[in-house]
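Peer 1: Okay, here's the structure, questions in a sec.
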């Protein structure tokens, strides 16, 4: 118990004193995950809208595929991209393995199924007349899409939170694709795994606190905006 108390105290000290190594790891984690989700949002939500409102061959198959990919383990994504990006792989000449770019690709592969599958459900909850009315009034397809997105904005916000929470806390793909290189590809989850395996818990606890505070903050934002939505109706 004393060692746990000591590790917890050291963790708080590391956070409070602005330890450069610790905050560098936090910065890498947020930079990679934020880049991944910003790249993923536009095509994923567009596809989710098309699956919810379009009628085309293969639509049901695509919905089933993305729903199945929701449960795909991160380590399988990491292994697949590792084989593709390795020297013997088809994209080996790009030399992306063990870089932040490879980590971004892995996190994109993880969050796109969440954005598409859950976004599809959110768009299905929208009143179809919103799209039809906007188009009848002369709105462009993009403007009509934004109108529908505004109607289901709270559901979409929950989808974004779920996707972001998934990728910033995953360890399998990041470890395999990034290599856990200090000051370059070591992010919060891989650092926690490394420090715990070494029996040094201070940094792991500090990074765990950051993830916990992030979860509370994101959920607080979600409840805040949902509350505003209820009061506005």
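Peer 1: Rank the residues 23, 131 as a footprinting-exposure proxy: fewest other Cβ atoms within 10 Å of their Cβ go first.
Peer 2: 23, 131
Peer 1: Residue separation times 0.36 nm, minus the C-alpha to C-alpha distance between residue 38 and residue 16: what's the value?
Peer 2: 4.9 nm is the gain from fully extending residue 38 to residue 16.
Peer 1: Principal axis lengths of the chain from Cα atoms, whole Å, largest first?
Peer 2: Projected onto its principal axes, the Cα set of the chain covers 66, 52, 26 Å.
Peer 1: How do 119-128, 168-177 rank on mean C-beta neighbours within 10 Å, highest first?
Peer 2: Taking the mean over residues of other Cβ atoms within 10 Å, the ranking is 168-177, 119-128.
Peer 1: Under a GNM of the chain (C-alpha, springs under 10 Å), which listed residue has the highest mean-square fluctuation: 146, 94, 15?
Peer 2: 94
Peer 1: Sticking with this one: With no solvent and one equal point scatterer placed on each C-alpha of the range 144-233, evaluate the Debye formula and give log10 I(q)/I(0) for q = 0.13, 0.20, 0.22, 0.25 Å⁻¹, two decimals.
Peer 2: -0.58, -0.93, -1.04, -1.21
Peer 1: Same structure again: Among 66, 201, what is the fewest-to-most ranking by other Cβ atoms within 10 Å?
Peer 2: Final ranking by Cβ density, sparse to dense: 201, 66.
Peer 1: What residue among 64, 86, 40 shows peak mean-square fluctuation when the chain is described by a Gaussian network model with Cα springs under 10 Å?
Peer 2: Of 64, 86, 40, the most mobile in the Gaussian network model is 64.
Peer 1: Mind checking the log10 I(q)/I(0) for the range 1-138 at q = 0.10 Å⁻¹? Debye, one equal scatterer per Cα, no solvent, two decimals.
Peer 2: -0.55
Peer 1: Under the definition of Cα pairs under 8 Å and six or more residues apart, what whole-number percent is the relative contact order of the chain?
Peer 2: 30 percent
Peer 1: If you don't mind, another one. Which residue fluctuates the most in the chain, going by a Gaussian network model with Cα springs under 10 Å, if the choices are 47, 69, 137?
Peer 2: 137
Peer 1: Compute the Kirkwood hydrodynamic radius of the range 69-110, taking the inverse of the mean of 1/r over all pairs of distinct Cα atoms, and give it in Å to one decimal.
Peer 2: 10.3 Å is the Kirkwood radius here.
Peer 1: Still on this structure: Which FRET efficiency value, to the nearest 0.05, is calculated for residue 124 and residue 6 with the Förster distance at 41 angstrom and r the Cβ-Cβ distance?
Peer 2: Approximately 0.20, to the nearest 0.05.
Peer 1: So for 68, 80, fewest C-beta neighbours within 10 Å to most, what's the order?
Peer 2: 68, 80
Values in this text are rule-based calculations from the coordinates and carry no lab data. The shown structure was predicted, so the numbers you read here are calculated from the model rather than taken from an experiment. Every residue, glycine as well, gets a Cβ built from its backbone with ideal geometry; the counts of neighbours run over all protein chains shown.
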